[in-house]
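All of the numbers you see were taken from the coordinates with simple rules; none came from a lab. On a predicted model such as this, the values are computed, not experimentally measured, just so you know. Cβ atoms come from the backbone with ideal geometry, glycine included; neighbour counts cover every protein chain shown.
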Amino acid sequence: MADTEGRTALAQVLVANDGEVISRLRLSAAEAARVCRVTPRQLIYWTKKGLVRPAADGDDHDYDVFAMEKVIRIRQALEKGYSLEKAAQVVQREMSGLAAEVDRLGSMAAEDLEAELRRRLERLEERIAALRRSLPASLEMGRLRRAVALLARLEAQGELRAGADGDAAKTLALRLGRAVDELERVVSEVQAI
């Protein structure tokens, strides 16, 4: 799908959602790079390679929100370990999928669209509830891991030996006591769940 079609599809969504100002936004390469958390040099390089296109109605280095969305997605794909070419392909597929979804939603009757959006909202609420249910256990496991890691570090440093005396023994007792207290709290909280 051409970038122009993607821009048109996204513009329709933004304008329909009172996003006319966003759809008209244009930033220089330096400003767009800062917003997208890439360097201006990267942005211009990607533009020269044809991976990103500047706004059609601006000069060669004015980027609209659609180009910036693509830059952000490419950066995220690169952070996941994709090569630049593979990242661009993945992002192009994603953007094409979004445009197809916009077309599908745009062709729905108002009642059907409302029902679809309600279903999506319900699914999101279910996912949020499931995440909230699993979150306390996840947090407790993290605390448990930290306490066990502290004990392992103390042991690896040779501090859990019988010969510790004076201030070293007091420090060791405090650190060990905190680690054991944390372990006991985590275990009791997990058992309560």
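Out of Arg93, Arg75, Arg104, I need the residue that is without any contact (Cβ under 8 Å) to a residue 60 or more places away in the chain, more than 29 Å from Ala32 (Cα to Cα) and part of a helix (DSSP H, G or I). Which one?
The conditions single out Arg104.
How many residues, within region 26-52, are farther than 15 Å from Ala87 by Cα, of a type in the set (Gly, Ala, Ser) and part of a loop (DSSP other than H, G, I, E, B)?
Number of matching residues: 0.
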